[in-house]
Protein chains: 2
Amino acid sequence: MTASPRSRAAAQIQDAAWEILAERGLPGVTMEEIAARAGVAKTTVYRWWPTKSAVLMDALRERLLPRVAFPEDGSVRDDLVSQIEAVIDLFGSETGRAYLALVAESMHDGEVATALRERYVDDQRRAAIERLEKGKRKGEVLPEVDLELLVDSLYGALYYRVLVSHAPLDRAYARRLVDGIWPGEPNRRRPAGDDGAGPSTAEASMI
Amino acid sequence: MTASPRSRAAAQIQDAAWEILAERGLPGVTMEEIAARAGVAKTTVYRWWPTKSAVLMDALRERLLPRVAFPEDGSVRDDLVSQIEAVIDLFGSETGRAYLALVAESMHDGEVATALRERYVDDQRRAAIERLEKGKRKGEVLPEVDLELLVDSLYGALYYRVLVSHAPLDRAYARRLVDGIWPGEPNRRRPAGDDGAGPSTAEASMI
DNA sequence: AACAGAACGCTACGCTACGTAGCGTTCTGT
DNA sequence: ACAGAACGCTACGTAGCGTAGCGTTCTGTT
């Protein structure tokens, strides 16, 4: 998974792998196809990456990270909603499908699992938790809330929908989700008119 | 995925596939290996199942369902905790690894995805939601709670830990999880001594 | 007991993808 | 100009796929 990106062929190889993934999914990505599409000898691909997953992991890097940066624009609640919207958008995109394909692959490949965690998952978790802790200091989040757990639940729900239940997942779900299990400040009430058909009331969404 | 289980060789084939999965993981399962291990011609395997996933799906059937039945012993909260404990136990078991391997496979195979949903996921969701609705009728759950969302969050957190963050997942997490985002009845308080270092207080865990 | 049809075993394909070896050619920096 | 890295090309051997052809055994009728 630790590849050396400095090579003239590297970019072509990653682009080729990325294209094939978009067209035919992960099973359609083969080292032979990558080489052919990149106009490169198979040995050149193997020179830099041991597996197709490693190629894709590197190809994912620049494409994924900019999409899920954590905002610090407004209240914790609003920032959380917009970040989760970004994740939902991502999951619906080509890049997101690639990422999720690698998540699936990580079940059988410890290298992939480790790389995903070190490059994306851990950072995202950390950012989310830091944002929530800042919210705690500002009094927007009750101090006794278990932030690890909250993050598990929020993002777990997204992954669950995409990977397991295959229920539809649109941007509206972000607000429904956050308002549903939101650990807001005590006696918090949302302004009138901010309710988008979410079934939970302000009081009921309190942790 | 729609196999015909009536055949003398069927049981041996499923057992063989199951053994191989336990020993070498899903990538190690091949139609050739299944046939060899079962002491059966390769054509016989193909006669009944089109893919290795289909074989495993059927092999999973009797092994999985009995493990995650939904209890109706006590309060909703307690039943939820013990059912989630059962799921956590499952995820740590051989059967659970097999199930999760198929979940991962379902990313790339729509047949597997549909079969999993129809056989397991939808039923489990339905059982959980029915149990929670019963709780609503008894006043154990606030009527405005979004049950779909709650189930997404609870079970999503489990899948998230196992598939994505690879954080440790033990039985204690079940109570931590339920008490953390638990939509209990209004002004509910847990009895003293029931607190196992969970960071959330009774008030704070209210939705 | 005879018979038909299903189920099974066996062999042998052609195909794709894997991962590597060997060796000659081109590029790059100093 | 020269060395070393990077690359291209061909050619392997291996594994697994999915199918075809054909003969053998099992099973349940009548």
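Read-outs: derived from the displayed coordinates by stated rules, not from any lab. Just so you know, these numbers come straight off a predicted model, no measurement behind them. Here Cβ is always computed from backbone atoms with ideal geometry, including for glycine, and neighbour counts include all displayed protein chains.
With a requirement of 1 or more residues that are more than 10 Å from chain B (Cβ to nearest Cβ), the helices (runs of 4 or more DSSP H) lying completely within the stretch A:91-162 that satisfy it span A:94-105, A:110-116, A:122-137.
The set of residues from the stretch A:163-179 being more than 13 Å from the chain's Cα centre (by Cα) and in a helix (DSSP H, G or I) comprises A:VAL164, A:SER165, A:ALA172, A:TYR173, A:ALA174, A:ARG175, A:ARG176, A:LEU177, A:VAL178, A:ASP179.
Residues that are more than 19 Å from B:TYR99 (Cα to Cα) and facing another protein chain (nearest Cβ under 7 Å) within the stretch B:163-177 comprise B:ARG176, B:LEU177, listed in sequence order. The residues on offer are B:VAL55, B:VAL68, B:VAL40, and the sole one that is within 11 Å of DNA strand D (Cβ to nearest atom) and either in contact (Cβ under 8 Å) with a residue 60 or more places away in the chain or surrounded by 15 or more Cβ atoms within 10 Å (Cβ to Cβ) (or both) is B:VAL55. State yes or no: is B:HIS108 on the phi > 0 side of the Ramachandran plot and surrounded by fewer than 21 Cβ atoms within 10 Å (Cβ to Cβ)? Taking the combined requirement at face value, the residue does not satisfy it.
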